[in-house]
Amino acid sequence: MATHNNPATSRQEEEVAVQAKAQAVAGACQLPSGADLAPCTIVIFGASGDLATRKLIPALYNLFANHGLPTSFNIVGCGRTNLSHDAFRDNLQAALHREGGIDLSHWPEFAAHLYFIPLHYDVLTDYQELHRFLTKLDSATKTGANRLFYLAVPPTLYPTIAELLGQSGLSREQEQEKRWARIVVEKPFGRDAASADALERTLHSNFEEHQIFRIDHYLAKETVQNILMLRFANAIFEPLWNRGYIDYVGIVAAEKLGVEHRAGYYEQAGVIRDMFQNHMLQLLALTALEPPSHFEAERVQDEKAKVFRSLKPFDVERWSENLVLGQYAPGSIDGGAAPGYREEPGVGPHSSTPTFAVMRTFIDNWRWRGVPFYLASGKRLARKETRIVIQFKQVPHSMFRNVFEEDIVANRLILGIYPEEEISLTFQTKTPGAKDCLRPVTMEFKYYQGYRGPTLAAYEKVLLDCIQGDHLLFWRQDGVALTWSFLSSILEVCEVCSMTNQRLHPYPAGSLGPAAAQPWMRLLMDER
């Protein structure tokens with residue numbers, strides 16, 4: 001007698017199988033065991049500063065608490081402050097306590113790995129003393145003489161520290177004994193093409209390229225890493241990911257906060273150097289690159305470089321067609337008064353530093369010819385949000401033109417990076433009922449939906465990759481040079497703006513930017 005499967009039972013079995021698969025994947029994505037990581041010493045220059053106390057030490061502590069650091073490791077802080085080992089440990093514990101939300105039950109064990117060496121950044125003998133201390137520490141704690149030098153200092157100190165690390169012998173690797181030395185620098189990588197090239201020469205005179213890790217913490221965000229997975233692990237997206245189907249691409253990084261305590265840096269940088277040279281162009285590259293032959297650092301970096309080389313040069317003569325610069329003026333945030341940029345502490349009353357920019361650029365290659373890419377970022381905007389918008393074209397021929405009066409809304413794919421870590425796809429369906437009507441509906445995927453495995457914050461991920469020597473989420477030097485080359489003409493516009501104050505559009509704090517940018521911003525922020 002023939003048997004018939006029960007549909008309800010089949011669905012239950014399928015759901016169980018999917019859950020089991022998800023659990024297996026979560027297990028496979030666990031943090032690497034400490035025993036699988038090479039022993040090392042992490043040396044943090046600027047260890048008493050804001051970056052170290054608010055980002056690096058909490059990240060390292062969380063990795064330690066979750067068994068994500070090598071079995072044998074040390075963390076040595078360096079700085080101009082004259083601290084003892086115990087005072088350094090106490091200061092860090094107090095800083096973590098102030099941050100809140102951190103379980104400090106593992107602190108005593110973690111603190112035993114912390115040390116501090118006072119050091120003047122421009123004095124060679126201090127580096128030689130550091131070398132002697134690290135050699136003794138390696139012997140006592142069996143860390144294998146592997147060193148990770150993290151420069152949590154102002155960028156102006158990068159060349160000095162790199163040079164003295166080289167002169168003191170600390171940058172030297174011992175290939176026969178498989179001992180490595182790596183240096184980590186945060187953005188910005190220079191302030192223009194010339195200074196970036198000068199920094200590159202100094203770094204490479206003391207370190208090989210494989211020893212240098214240029215951090216862009218945006219690249220370590222889970223949803224940013226997911227861009228390549230979404231594109232190349234699914235057959236439904238990649239065939240449509242081109243000029244034949246996509247109308248435009250929008251990349252937005254909107255910030256609610258103002259310049260805060262960073263006026264000294266921001267007055268020298270402005271929004272183009274602060275956000276576009278690094279974060280924005282990296283997001284563009286990940287969205288636009290061709291599929292690499294293998295998912296490995298060098299192949300991915302090669303494809304990014306191809307995108308940067310294909311960026312259409314900016315036409316300074318017609319700059320207003322493709323660029324809007326702005327600076328926030330007094331306004332309102334969350335119902336409270338917000339000062340303008342020129343009223344912020346450390347900012348001059350006549351400052352012409354742009355705090356907002358939206359640009360339209362094009363990629364001159366086979367895939368993207370003619371498709372505009374809109375890049376927008378600014379401070380003191382209506383809300384904090386980072387997203388990538390893929391706007392598809394209208395249907396080429398509407399068989400419903402005699403049925404529906406309204407235009408058919410084109411499909412829209414949104415990759416939410418912050419605050420909503422999600423993917424949403426908008427498409428058309430029939431409205432229920434007797435009448436033929438269309439309605440747009442949205443299919444949403446929350447990034448952590450159904451996931452119970454470990455998660456890593458951005459700095460935890462990049463530190464772990466530095467220890468493992470994985471360059472996938474870091475900048476390569478040719479990418480740095482190519483992005484500065486592309487932005488050079490735009491920076492010229494900014495310089496003229498600062499001298500003449502004629503191309504800078506004020507916008508009230510709490511808005512979506514200057515009036516001149518509204519047509520583009522409404523498209524990108526779903527304010528249509």
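Every read-out reported here was derived from the displayed coordinates using simple, explicitly stated rules and does not represent laboratory data. None of these values were measured; they are calculated from a predicted model. Here the Cβ is made from the backbone with ideal geometry for all residues, glycine too, and neighbour counts use every protein chain on show.
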Practice problem: Using +1 at the Cβ of each Lys and Arg and -1 at the Cβ of each Asp and Glu in segment 137-209, identify which of VAL153, PHE189, HIS204 lies farthest towards the dipole's positive end. | Solution: VAL153
Quiz prompt | Span from the segment 329-363 Cα centroid across to the segment 45-104 one, whole angstrom | solution = 34
Quiz item: Could you give P(r) for segment 411-457, binned at 10 Å from zero, as whole percent values over all Cα-Cα pairs?
Solution: 22, 37, 23, 14, 4, 0
Practice problem: Measure off 7 Å from each Cα along the Cα-to-Cβ vector at ALA337 and ALA95, then give the distance between these two points in nanometres to one decimal. | Solution: 3.5
Quiz item: Spin-label point model (7 Å from Cα, Cβ direction): what's the ALA194 to MET229 distance in nm?
Solution: 4.5
Self-check item: Chain lengthening between LEU240 and GLN167 when straightened (0.36 nm per residue, less Cα-Cα)
Solution: 21.0 nm
Quiz item: What per residue convex hull volume, in Å³, comes out for segment 95-214 when only alpha-carbon positions are used?
Solution: 141
Exercise. Please state, as a whole number in µm²/s, the translational diffusion coefficient that the Stokes-Einstein equation yields for segment 215-349 at 4 °C and 1.567 mPa s, with Rh defined as the Kirkwood radius across alpha carbon pairs.
Key: 72
Quiz item: Expressed in nm to one decimal, what extension gain is obtained for the pair VAL441 and HIS204 from 0.36 nm per residue of sequence separation less their Cα-Cα distance?
Solution: 80.0 nm
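Peptides 415-425, 378-388: what's the order by average Cβ count within 10 Å, highest mean first?
378-388, 415-425
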Quiz item: Which percent of Cα-Cα pairs in segment 217-268 sits in each 10 Å bin, short to long?
Solution: 17, 31, 28, 15, 8
Quiz item: Length gain on complete extension for the stretch SER424 to ALA515, per 0.36 nm per residue less the alpha carbon to alpha carbon distance?
Solution: 29.9 nm
Quiz item: Once amide H atoms are placed 1.01 Å from N in the peptide plane, what residues at a sequence separation of 5 or more from ASN74, or on another chain, have their amide H within under 5 Å of its amide H?
Solution: CYS40, THR41, ILE42
Practice problem: Over all directions, average the projected area of the Cα convex hull of segment 354-394 and note it in nm². | Solution: 4.2
Practice problem: Just name one of ALA269, PRO506, PRO70: the one whose Cα is farthest towards the positive end of the charge dipole of the chain (beta-carbon charges, Lys/Arg +1, Asp/Glu -1). | Solution: PRO506
Quiz item: Considering the Cα trace of segment 235-302, what is its radius of gyration and what is Dmax, both in angstroms?
Solution: 16.6, 48
Quiz item: If the convex hull of the alpha-carbon atoms of the chain is projected onto planes in all directions, what is the mean projected area in square nanometres?
Solution: 32.7
Quiz item: If you build the Cα gyration tensor of segment 35-160 and take the root of 5 times each eigenvalue, what three semi-axes come out, in whole angstrom, biggest first?
Solution: 22, 19, 13
